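Working notes, structure below.
None of the figures in this text is laboratory data; all of them are computed from the coordinates on show. This one's a predicted model, so the numbers in the text were calculated from it and none came from an experiment. Positions of Cβ are generated from backbone atoms using ideal geometry, with glycine treated the same way; all protein chains shown enter the neighbour counts.
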């Protein structure tokens, strides 16, 4: 058997796989538009977010906006971010950009029952580490927890924001 007879079917299979794109089935519980409210270090706030496929289904885009009213200690403000979720090899990753100038690189894991997705930032010695968890509470409700670990203590996560959101 020639090398050509072996390579052509392998290349064709690789092209067919690449054309199929990533499988987003595990993400279905998060797809769509959401509105939520919660609290934590920034104060009591409300916001919206969405998860939608883009680039012919090659990536997921999350857009998020949270608004916090003025308090006696600080003026009203808002937080916006754009996250791009992408597959790389057998793993999932994300990169998040926000209006405060942060750029966060995340590795992604799923809960064993498929009812949670956890974004954990890559540990770096001199910077905080972040973990964002979405947990399916029902068909149209998710729990959200954003945690921060201080520099030098990459696994000492403490809750920064806890919220719930309902599908719009």
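Relative to the first principal axis of the alpha-carbon coordinates of the chain, what is the inclination of helix 3-20, with its axis defined by its Cα atoms, in degrees from 0 to 90 and to the nearest 10?
Orientation of helix 3-20: about 30 degrees from the principal axis.
Would you calculate a helix-derived [θ] at 222 nm for the chain, using -39,500 (n - 2.57) for each DSSP H run of n ≥ 4 and dividing by the full residue count, to the nearest 500?
Details: 1 runs with 18 residues, N = 168.
Dividing the helical sum by the residues of the chain leaves -3500 deg cm²/dmol.
When 142, 59 are ordered from fewest to most other Cβ atoms inside 10 Å of their Cβ, what list results? Could the numbers behind the result be given before it?
Working: 142 23, 59 18.
Listed from fewest to most nearby Cβ atoms, that is 59, 142.
Which label belongs to the value computed from this structure, given these candidates for semi-axes √(5λ) of the Cα gyration tensor in Å: [x] 23, 19, 15; [y] 36, 19, 14; [z] 29, 18, 14?
From the options [x] 23, 19, 15; [y] 36, 19, 14; [z] 29, 18, 14, the structure gives [y].
Pull out the extension gain between residue 123 and residue 109, defined as 0.36 nm times the separation in residues minus the alpha carbon to alpha carbon distance; nm, one decimal. Each step should come with its number before you reach the end.
Numbers: separation 14, 0.36 × 14 = 5.04 nm, distance 1.53 nm.
Full extension from residue 123 to residue 109 adds 3.5 nm.
May I ask you to derive the relative contact order of the chain, considering only C-alpha pairs under 8 Å and at least 6 residues apart, and to give it as an integer percent?
Values: 349 pairs, mean separation 27.4, N = 168.
It comes to 16 percent, rounded to a whole number.
Report, please, the projected area of region 121-168 averaged over directions, based on the convex hull of its C-alpha atoms, in nm². Write down the numbers at each step before the final one.
On the way: hull surface 14.4 nm².
Average of the hull's projected areas for region 121-168 equals 3.6 nm².
Between residue 50 and residue 141, with labels modelled 7 Å along Cα→Cβ, what's the label distance in nm to one decimal, could you check?
Here the answer is 2.5 nm between the modelled labels.
Whole-Å semi-axes of region 37-117's equivalent ellipsoid, largest first, each the root of 5 times a Cα gyration tensor eigenvalue? Could the numbers behind the result be given before it?
Numbers: eigenvalues 161, 42, 27 Å².
Taking √(5λ) for each eigenvalue gives 28, 15, 12 Å, largest first.
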